[in-house]
1. Under 5 Å between amide hydrogens, which residues at least 5 positions from L36 or on another chain qualify, with H placed 1.01 Å from N in the peptide plane?
2. Roll a 1.4 Å probe over the protein chains and send me the accessible area per residue for segment 1-50 in Å².
3. Can you give me the angle between helix 40-69 and the longest principal axis of the chain, using Cα atoms only, in degrees from 0 to 90, rounded to the nearest 10?
Amino acid sequence: MNRTALLAWAIGGIFAPLGGISAGIITYAEYSRHRLPKGRAAREALRSGAVATLVLLMVTGLFGWWVSRS
């Protein structure tokens with residue numbers, strides 16, 4: 001495995017959670033403007049943050065895999 005692939009995976013591991021946190025904050029801000037059942041905005045924010053983190057990690061992993069093949 002080359003250093004570029006390792007660097008891509010390391011950067012993804014650092015920035016994917018930050019993207020997930022940002023997605024959660026934005027979702028919570030939008031959902032809290034509406035009258036929803038208690039705790040619903042927080043659950044949706046956690047869900048969107050988790051999904052964003054997983055998607056960003058998968059994209060970074062695929063990019064690292066693609067770089068390591070070439």
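1. The answer is none.
2. 76 Å²
3. It is inclined by approximately 10 degrees.
The values are calculated or read from the model by the stated rules, or taken from the named source; none is laboratory data. What you see is a predicted model; the values in this text were computed from it and never measured. All accessible areas refer to the heavy atoms of the entire protein, side chains included, with ligands and DNA or RNA removed. Shrake-Rupley method; radii C 1.70, N 1.55, O 1.52, S 1.80 Å.
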